[in-house]
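The next block holds one structure in the form of structure tokens; read it before the comments.
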Amino acid sequence: MAANKKLLILPGDGIGPEVMREVRRVIDWMDRRRMVTFDVSEDFVGGASIDAKGTPIADNTLQAAKDADAILFGSVGGPKWDKLGFDMRPEIAILRLRKELDLFANLRPAIVFDPLVDASTLKADVIKGLDLMIVRESTGGIYFGEPRGVETMANGEKRGFDTETYTTGEIQRVARVGFELARKRQNKLCSVEKANVMQSGLFWRQTVAALGAAEYPDVALSHMYADNCAMQLVRNPRQFDVIVTSNIFGDLLSDLASMLTGSLGMLPSATLGAIQPSGKRHALYEPIHGSAPDIAGKGVANPLAQILSFAMLLRYSFGMDEDAALIEKACVNVLGSGLRTADIMGPATARVGTGVMGESILRELEKLAA
Ligand code: IPM
Ligand code: MG
């Protein structure tokens with residue numbers, strides 16, 4: 001039995017708590033089977049934290065996140081908190097977690113599971129077998145760049161502004177993550193920016209090219225403008241293996257890529273920091289789907305992205321590849337049996353709610369582990 005692993009669970013808002021409940025069942029199952037014992041703690045984040053503690057993320061929650069071996073995050077935000085000031089938005093919570101734990105590499109896979117090829121709005125022959133990884137820089141760029149603000153100009157008119165900035169070091173460290181991942185996959189990395197319009201984009205391109213030539217000559221590196229990349233992703237997504245890009249372009253392109261797979265409700269993500277001298281690496285895992293307030297509390301949300309985020313956590317934070325694979329296989333098998341939540345319904349499938357989907361995953365895990 002492995003030593004206790006410190007896991008911080010932050011369910012957040014909207015469908016976060018209900019899909020997280022299904023992950024807790026998977027964790028309990030693993031505990032019962034003595035595969036691993038987790039030291040699990042749970043806390044408020046986002047709107048739930050605003051309600052309970054008066055802030056999107058409390059200092060002691062941030063500290064607990066720093067102390068944890070891994071963080072499993074749900075989702076934040078909702079109409080209830082839309083009218084709060086800019087600095088009180090629930091979204092501040094995830095941005096602060098990324099920034100303060102220096103979680104700079106956001107890994108967003110887009111994988112088309114065979115049983116779901118018909119759930120995509122794209123034709124099956126375009127997306128079948130798709131397995132692409134977007135590496136989004138997540139602590140820099142226009143999300144955090146200074147100066148930013150709204151000011152009144154001499155003529156009385158107002159001006160709003162944000163700043164896109166990237167240093168050599170920031171580009172190199174995220175590009176390295178992309179190169180390393182590519183080496184374990186199809187050895188192809190596409191770096192995405194707007195080098196034709198932005199100074200910081202040209203600098204990004206030159207920096208990645210130099211790093212590739214110096215340290216990763218074996219990886220096939222290409223460069224693409226972000227607008228072209230958006231077009232190529234719907235035209236022929238399988239041309240890509242790993243994409244590395246800035247915070248803002250990664251935000252846009254990962255939403256786009258996720259819909260190639262049919263549903264936002266299927267996709268997990270990992271956000272990783274640097275490996276520290278102690279060997280520890282901060283890491284946060286979250287589904288891509290967000291809080292989906294329109295369906296929250298109805299028991300219809302798809303728990304698979306949250307469960308698959310937990311599988312990613314096992315793989316990347318704890319090296320538990322086999323257990324991760326077991327959970328992923330259970331998800332694919334349950335989909336293969338025709339059970340579907342509302343978001344991924346297809347021909348000849350049976351519609352189930354969040355709880356039944358979770359239970360089916362548990363039953364499948366039992367079978368696979370028997
Ligand atoms: C994401 C989200 C966040 C982002 C929001 C909630 C701040 O859209 O993780 O992609 O823009 O990074
Ligand atoms: Mg986004």
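The values are calculated or read from the model by the stated rules, or taken from the named source; none is laboratory data. Here the structure is a predicted model, which is why all the values come from computation and not from measurement. Using ideal geometry, Cβ is built from the backbone for each residue, glycine included, and neighbour counts are taken over all protein chains shown. The protein model used for the area step is the full one, side chains on, heavy atoms only, and it has no ligands, DNA or RNA in it. Shrake-Rupley method; radii C 1.70, N 1.55, O 1.52, S 1.80 Å.
For a straight C-alpha distance cut-off of 26 angstrom, the lysines reachable from Lys367 (same-chain residues fewer than eight places away being disregarded) are Lys5, Lys329. Largest accessible area first, the residues Arg136, Arg235 order themselves as Arg235, Arg136 under a 1.4 Å probe with ligands, DNA and RNA left out. For segment 152-260, taking Cα atoms only, Rg and Dmax work out to 15.8, 56 Å respectively.
Counting heavy atoms of the protein chains alone, His289 has an accessible area of about 30 Å² for a 1.4 Å probe. Over the C-alpha atoms of the chain, the Rg to Rh ratio, Rh being the Kirkwood estimate, stands at 0.96. Cross-link pairs exceeding 23 Å in C-alpha to C-alpha distance, out of Lys83/Lys194; Lys53/Lys80; Lys83/Lys158; Lys6/Lys99, comprise Lys83/Lys194.
Placing unit charges on each Cβ (+1 for Lys and Arg, -1 for Asp and Glu) gives the chain a dipole about its Cα centre, and among Gly54, Thr37, Asn187 the Cα reaching farthest toward its positive end belongs to Asn187.
The figure for Glu366 is an accessible area of roughly 90 square angstrom, using a 1.4 Å probe on the protein chains alone.
Length gained on full extension, Lys123 to Ser41, computed as 0.36 nm times the residue gap minus the Cα-Cα distance: 25.2 nm. Only Cα pairs under 8 Å and 6+ residues apart enter the sum, and on that basis the relative contact order of segment 101-238 stands at 22 percent.
Sort segment 166-217 into rounded, prolate or oblate with this rule: let a ≥ b ≥ c be the square roots of the eigenvalues of the Cα gyration tensor; rounded if a/c is under 1.5, and if a/c is not under 1.5, prolate when a/b is larger than b/c, oblate otherwise. In terms of gyration-tensor shape, prolate.
Note on Ser75: accessible area is roughly 0 Å² with a 1.4 Å probe, heavy atoms of protein only. Relative contact order of the chain: 21 percent, from C-alpha pairs under 8 Å at least 6 residues apart in sequence.
Simple rule: put +1 on each Lys or Arg Cβ and -1 on each Asp or Glu Cβ in segment 152-260, find the dipole, and look at Asn155, Ile243, Gly169; the Cα lying farthest toward the positive end is Ile243. Note on surface exposure: Val356, Val126 rank Val356, Val126 by accessible area, highest first, 1.4 Å probe.
Quick check: with the 1.4 Å probe, what order do Thr165, Thr341, Thr152 take by accessible area, largest first?
Thr152, Thr165, Thr341
Averaging the sequence gap over all C-alpha pairs within less than 8 Å and six or more residues apart, then dividing by the number of residues, gives segment 45-130 a relative contact order of 27 percent.
The residues of segment 113-203 expose on average 51 square angstrom of accessible surface per residue, using a 1.4 Å probe on protein heavy atoms. Simple point charges give the picture: +1 on the Cβ of Lys and Arg, -1 on the Cβ of Asp and Glu, and for segment 152-260 a dipole about the Cα centre of about 280 debye. Can you bin segment 125-182 into rounded, prolate or oblate? Criterion: square roots of the alpha carbon gyration tensor eigenvalues sorted a ≥ b ≥ c, rounded for a/c under 1.5, prolate for a/b above b/c, oblate for the rest. Oblate, because a/c is 1.5 or more while a/b does not exceed b/c.
Around the amide H of His223, modelled in the peptide plane, lie the amide H atoms of Ser191, all under 5 Å away and 5 or more residues distant in sequence or on another chain.
Treating r as the C-beta distance of Met198 and Ser278 and R0 as 41 Å, the FRET efficiency rounds to 0.65. Listed by chain and number, the aspartates and glutamates whose alpha-carbon sits under 12 Å from that of Lys280, ignoring those within fewer than 8 places in the same chain, are Asp67, Asp69.
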